[in-house]
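Have a look at the structure below, then the notes.
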Amino acid sequence: MRAAGSSGIRLALMTDNNVANVDVKAFIKKKLTEPVVSEQTWTPPLADATPVVSAVMQTNPNVIYLGATSTSDQTLVIKQLAAQGSKALIILGASSGANPVLLDAVGAKGMEGVLVVTGVSFPGKGPAEIDKRYATATGRAFMDCEAMTGYMNITILGQALEKAGKAEPEALNQALKEMDAHDVPSLSLLPGGSRLRFGANGRREGVVVELVQWQDGRPLVVYPPEVANGTLKRRA
C-alpha cells in the first residue's frame, strides 16, 4: 500500500481516539511506504467537524480514511467535506457507515461513491427476497449488516441446538466448539459460507472482509466476487 508520491495517492487519516481506530490507524501507517498528507484525531462526539476537515482540506488529499465510531460523527465529517468541496474518495472503516440512517442524515447524493470496509457481512448477492421482506416489515430502506448478522446468528444457534439435542448453556457451548456444518442454506449468502466451524480462538473460520460502496442510495457489496451485487465505481 502506497500513499503520496509515485502512486499518486494522497491519503489523509481522520479518526476518533477510540482504541479500535487507534489500532487500525497504526496498522495502516505501518503498511505505508510514504507518509500520509494529513492526520487528524478527535475525542468523540464531535461538536463541529469544521476544524478537522479544514485542516485536511489544506493538504489536498484524494483519498480519505474516516474512522469514526459514531454515526453522528460520520455524518458531520462527510457533510463538512462536501461543504468544503472535497472530491476525495472517502473510505469508512466501520460497518455503521452502511446504515440506513445515513440516507436521512446525509442523503443519497452525499453518500454516493463512499466505500465501507466491513468484517461484518452485508446483504449482497443472494438475499434479495430476505432484504425485501425486511424492508417491508421494518419500513427501513434496506437490510443492513446488523440485521443480516442477527439472521445468521439465529441460523448458527439453530444448528448448535440441533447438534446439542438440548437447550442447556454448557451443551450449546460445546456444540458450537465442535460444529462443522456443511451446505447450510442461509450461510451460502456469506463469503466462504458453505461451511460453518470455529477455530480454537472462538472465531468463525473462512470469514472474508467485504468492501461495500454506496450507489444510488443503497450500499452494494463490490468485493468479494462471490457475493458481490455491484461493481466498484469511481466517485464523481
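Inspection of segment 106-125 identifies no residue that is under 30 Å from residue 204 (Cβ atoms), among the hydroxyl-bearing types (Ser, Thr, Tyr) and either in contact with a His (Cβ under 8 Å, 6 or more places away or on another chain) or in a helix (DSSP H, G or I) (or both). Looking across segment 159-174 at every residue that is assigned to a loop (DSSP other than H, G, I, E, B) and not hydrophobic (A, V, I, L, M, F, W, C), the one that is surrounded by the most Cβ atoms within 10 Å (Cβ to Cβ) is identified as 168.
Considering every residue within segment 105-117, establish whether at least one is in the same structural domain as residue 20 (by TED's automatic domain parsing) and within 19 Å of residue 22 (Cα to Cα).
Yes, there is a match, as at least one residue in segment 105-117 is in the same structural domain as residue 20 (by TED's automatic domain parsing) and within 19 Å of residue 22 (Cα to Cα).
Filtering segment 175-198 to residues that are assigned to a loop (DSSP other than H, G, I, E, B), in contact with a strand residue (DSSP E or B) (Cβ under 8 Å, 6 or more places away or on another chain) and touching a residue at least 40 places away in the same chain (Cβ under 8 Å) leaves only 191. Of everything in segment 222-236 that is β-branched (Val, Ile, Thr) and either in contact with a Leu (Cβ under 7 Å, 6 or more places away or on another chain) or in contact (Cβ under 8 Å) with a residue 60 or more places away in the chain (or both), the residue that is nearest to residue 95 (Cα to Cα) is 222.
Output yes when any residue across segment 201-221 is closer than 11 Å to residue 125 by Cβ and touching a residue at least 60 places away in the same chain (Cβ under 8 Å), and no when none is.
yes
The values are calculated or read from the model by the stated rules, or taken from the named source; none is laboratory data. Note that the structure is predicted; figures quoted are calculated from it, not measured. When we count neighbours, we look across all protein chains shown, and the Cβ atoms used for this are built from the backbone with ideal geometry, even at glycine.
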